[in-house]
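The values are calculated or read from the model by the stated rules, or taken from the named source; none is laboratory data. Since this is a predicted model, take the numbers as computed values, not measurements. Note: ideal-geometry Cβ built from the backbone for every residue, glycine included; neighbour counts use all protein chains shown.
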Amino acid sequence: MPSHRQAPLAERRPRAETPAAYVKAIVTAYARRSLSPVNALAMAQITPSQLTKPGAKVTALQMEQLSLAAMRELDDEALGWFGRRLPWGSYGMLVRASLTAPTLGLALARWCRHHNLLTDDIHLALVAQQGVARIELTIRNGLGDLQEFCVVSVLRNALGVACWLTDSRIALLRTTLQFQAPLHQASYAVLFDGPSEFLAPRNALEFDAGYLALPVRRDEAALQRMLQRALLLTVRPYRRDRLLVEKVRQTLALHLPDIRNADDLAERLNMSARTLHRQLRDEGSSLQEVKDAVRRDLATEQLHRSTRGLKQIAQSVGFQNEKSFIRAFKSWTGSAPDAFRSAARAALDE
């Protein structure tokens, strides 16, 4: 996706991990339009000699700067991939059209459908089967020597949009690609997490279908801020993975009385307790925080909608005695359970 504002190269100097082959693909797009890429390369501080070195790479920030300049000079956000240009703002329009979807599944299906209206050269589809979701890219018209650059860019764009819409890292199960492994094959470990398979039956990203149920968390104001630097969607990975938190919440809600410790929970999630703690920490959360939130939600629901005594409620949400439940509930809500129940009933009677 394009950026609407340039950022100085001195802002950040990450490692050079983007294959120079993608820079050469942009140069090819200029050549097809009989235009010179000299100014764009200079803006990204990429010298022509860099492109001739075997195994040459550029930084993600240099690639962002080059892509931005090329999109403006070529007036093509697709950077020459397709038979017709995608004018400035095309990809922003796709995201805006998906913004009102309640869940990621509906947002991605809408994004793919609308992308198919922009070009006949490729076809995008969202498929979910047996717990696995796939974003599939089918090539309908030959892309020539821009095939790899197009496929990688569009799939990374789709993944970046999905992560941004849900404010969640989406862990890939695998990436499948129809073309032969390039000389820079090792770079795919950076481009896509999880294994990448070449000469595969389809071009696709595969991930847990549970992500499709995540809610869309962005609005128009967030979109306007994102468009300030939209290319970051394809170059900066998300760290937070909301699907794990949702799985922990669901498992706790279903089996709370039977889960005595982290080992019990981790076993139900088919991972080690150490891995569970580490991944939750990476997401800015903790098992205790999630557990307290589940206990609070279950307890307040019962206080609202049932006549069960406090002892029964305490046991149902995993407390050994009523006293410890009351103390915890007050720390969560600032109110004792009885007072909370009375206030809730009084509000219903009004």
Open item on the list: Among the residues of the range 25-59, what is the count of those that are crowded, with 19+ Cβ neighbours inside 10 Å and among the small types (Gly, Ala, Ser)?
Closed with: 4
Task: Count of the range 294-321 residues which are at negative phi, crowded, with 16+ Cβ neighbours inside 10 Å and either touching a residue at least 60 places away in the same chain (Cβ under 8 Å) or not polar (S, T, N, Q) (or both) - done: 12
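Sort out for me the helices (runs of 4 or more DSSP H) sitting completely within the range 27-137 that have 2 or more residues that are basic (Lys, Arg).
Numbers: elements: 38-43, 60-74, 90-98, 104-118.
Where helices (runs of 4 or more DSSP H) fall fully within the range 27-137 and carry at least 2 residues being basic (Lys, Arg), they are 104-118.
If you go through the range 112-126 one residue at a time, how many are among the acidic types (Asp, Glu) and surrounded by 15 or more Cβ atoms within 10 Å (Cβ to Cβ)? Write out each step before concluding.
Let us first name the residues in the range 112-126 that are among the acidic types (Asp, Glu), namely 120-121.
Filter once more, so that each one left must be surrounded by 15 or more Cβ atoms within 10 Å (Cβ to Cβ): 121.
Qualifying residue count for the region: 1.
Closer than 22 Å to Trp332 by Cα, in the same structural domain as Ala314 (by TED's automatic domain parsing) and in a helix (DSSP H, G or I): is that true of Glu267 in this structure? If you could, list the steps in order and put the result at the bottom.
Values: closer than 22 Å to Trp332 by Cα: no; in the same structural domain as Ala314 (by TED's automatic domain parsing): yes; in a helix (DSSP H, G or I): yes.
Criteria not met by Glu267.
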- [ ] Only one of these is in contact with a His (Cβ under 7 Å, 6 or more places away or on another chain), touching a residue at least 40 places away in the same chain (Cβ under 8 Å) and of a type outside the set (Val, Ile, Thr): Leu143, Leu223, Leu227. Name it.
- [x] Leu227
- [ ] Can you tell me which residue among Ser324, Ser331, Ser286 is surrounded by fewer than 17 Cβ atoms within 10 Å (Cβ to Cβ), of a type in the set (Ser, Thr, Tyr) and in contact with a Leu (Cβ under 8 Å, 6 or more places away or on another chain)?
- [x] Ser286
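Specify which of the listed residues (Ala273, Ala262) is at pLDDT 85 or above, small (Gly, Ala, Ser) and touching a His at 6+ places or on another chain (Cβ under 8 Å).
On the way: Ala273 fails: touching a His at 6+ places or on another chain (Cβ under 8 Å).
Of Ala273, Ala262, the one residue that is at pLDDT 85 or above, small (Gly, Ala, Ser) and touching a His at 6+ places or on another chain (Cβ under 8 Å) is Ala262.
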Task: Every residue from the range 181-214 that is polar (S, T, N, Q) and at pLDDT 95 or above - done: Ser196, Asn203
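Can you find even one residue in the range 156-172 that is closer than 22 Å to Lys57 by Cα and of a type in the set (Gly, Ala, Ser)?
Going residue by residue through the range 156-172, those that are closer than 22 Å to Lys57 by Cα are 156-157, 160.
Now narrow it down to the ones that are of a type in the set (Gly, Ala, Ser): 160.
Checked against the condition, which is being closer than 22 Å to Lys57 by Cα and of a type in the set (Gly, Ala, Ser), the range 156-172 yields at least one hit.
I need the full set of residues from the range 289-344 which are β-branched (Val, Ile, Thr), under 27 Å from Glu246 (Cβ atoms) and either assigned to a loop (DSSP other than H, G, I, E, B) or over 38 Å from the mean Cα position of the chain (by Cα) (or both), in order please. If you could, list the steps in order and put the result at the bottom.
Of all residues in the range 289-344, those β-branched (Val, Ile, Thr) come to 290, 294, 300, 307, 313, 317, 326, 333.
Within this subset, residues satisfying the condition of being under 27 Å from Glu246 (Cβ atoms) are 290, 294, 300, 313, 317, 333.
Listed by number, the list holds a single entry, Val317.
To keep it simple, each residue is scored yes or no on (1) among the polar types (S, T, N, Q); (2) farther than 24 Å from Lys53 by Cβ.
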| site | (1), (2) |
| --- | --- |
| Arg169 | no, yes |
| Arg174 | no, yes |
| Gln178 | yes, yes |
| Leu191 | no, no |
| Glu197 | no, yes |
| Ala213 | no, yes |
| Val216 | no, yes |
| Ala222 | no, yes |
Task: Matching residues in the range 160-208 - criterion: being over 15 Å from Val132 (Cα atoms), part of a loop (DSSP other than H, G, I, E, B) and within 10 Å of the chain's Cα centre (by Cα) - done: Asp167, Ser168, Arg169
Open item on the list: Looking only at the range 132-157, filter to residues that are under 20 Å from the mean Cα position of the chain (by Cα) and within 16 Å of Arg113 (Cβ to Cβ); which one of those is modelled with the lowest pLDDT?
Closed with: Asn157
